[in-house]
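The values are calculated or read from the model by the stated rules, or taken from the named source; none is laboratory data. Everything numeric in this text was worked out from a predicted model, so none of it was measured. Cβ sites come from the backbone with ideal geometry, for glycine too, and all protein chains shown count toward neighbours.
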């Protein structure tokens, strides 16, 4: 939230919480002292608007991925370095969703990840199998959260985004090709096997979910949107 240069950030957070968020949410989503509300987590935001936030970007995410089929946030792949989650987290979300479908855990899958500027860990993460999942979305979300790296620096390392073939990605989209790491679900088989093992035990979630068949355990490691 943009503010005057001399504004105390603690005061700004209290004002946003009490004067904006609480009244807006009170009827449908009451907040209390345990509700985390992030107001400018990266610090001051004095200058904004067209004077400081204009420039050239690439094709929007929708153009380079699924068209209108899936949900999308803003941003673009082209023109962004991998520290920007527009690029890195969207690739990771693709990997996670692709892995869940490849593993036979769902016929369709969307992975949503939300980040706040200044915070490395995502503020929200969700797996949505659109009603096609073999197991609950809650179970799949928990397993994915345990296995897949979701911090930007970790995503960069896992997907080798410091030395990508960006020229090869300039045309024909970013998904459905065999060589990018976010398409290579087989790389993460061992990690998914380790992560799922405790979740498939009878004690997990009250034993409401049966263990995965062995054949499904052999496929996967665990982004949107972005």
Please determine, by comparing only the residues of region 121-134 that are in a loop (DSSP other than H, G, I, E, B) and more than 16 Å from residue 146 (Cα to Cα), which one is modelled with the lowest pLDDT.
134
Some residue of region 182-193 being modelled with pLDDT of 85 or more and part of a loop (DSSP other than H, G, I, E, B)
no
Looking at region 161-170, is at least one residue at pLDDT 85 or above and either under 14 Å from the mean Cα position of the chain (by Cα) or exposed (fewer than 12 other Cβ atoms within 10 Å of the Cβ) (or both)?
yes
So the check is Cβ under 9 Å with 6+ separation or different chains; which pairs have a first residue in region 161-175 that's assigned to a loop (DSSP other than H, G, I, E, B) and a second one that's surrounded by fewer than 10 Cβ atoms within 10 Å (Cβ to Cβ) and modelled with pLDDT of 80 or more?
165/179; 168/179
Residue 51, sole failed condition from (1) within 23 Å of the chain's Cα centre (by Cα); (2) in a loop (DSSP other than H, G, I, E, B)
(1)
What about residue 113, is it crowded, with 19+ Cβ neighbours inside 10 Å and either out of contact with any helix residue (DSSP H, G or I) (no Cβ under 8 Å at 6 or more places or on another chain) or assigned to a strand (DSSP E or B) (or both)?
yes
The residue that is modelled with the lowest pLDDT, considering only those in region 54-105 that are more than 15 Å from the chain's Cα centre (by Cα) and at positive phi, is 55
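Residue by residue, here is whether (1) crowded, with 16+ Cβ neighbours inside 10 Å; (2) farther than 30 Å from residue 178 by Cα holds:
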residue: 5; (1), (2): no, yes
residue: 8; (1), (2): no, yes
residue: 29; (1), (2): no, yes
residue: 40; (1), (2): yes, yes
residue: 47; (1), (2): no, yes
residue: 82; (1), (2): yes, no
residue: 89; (1), (2): yes, no
residue: 95; (1), (2): yes, no
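How many residues does region 85-109 contain that are in a loop (DSSP other than H, G, I, E, B) and in contact with a helix residue (DSSP H, G or I) (Cβ under 8 Å, 6 or more places away or on another chain)?
9
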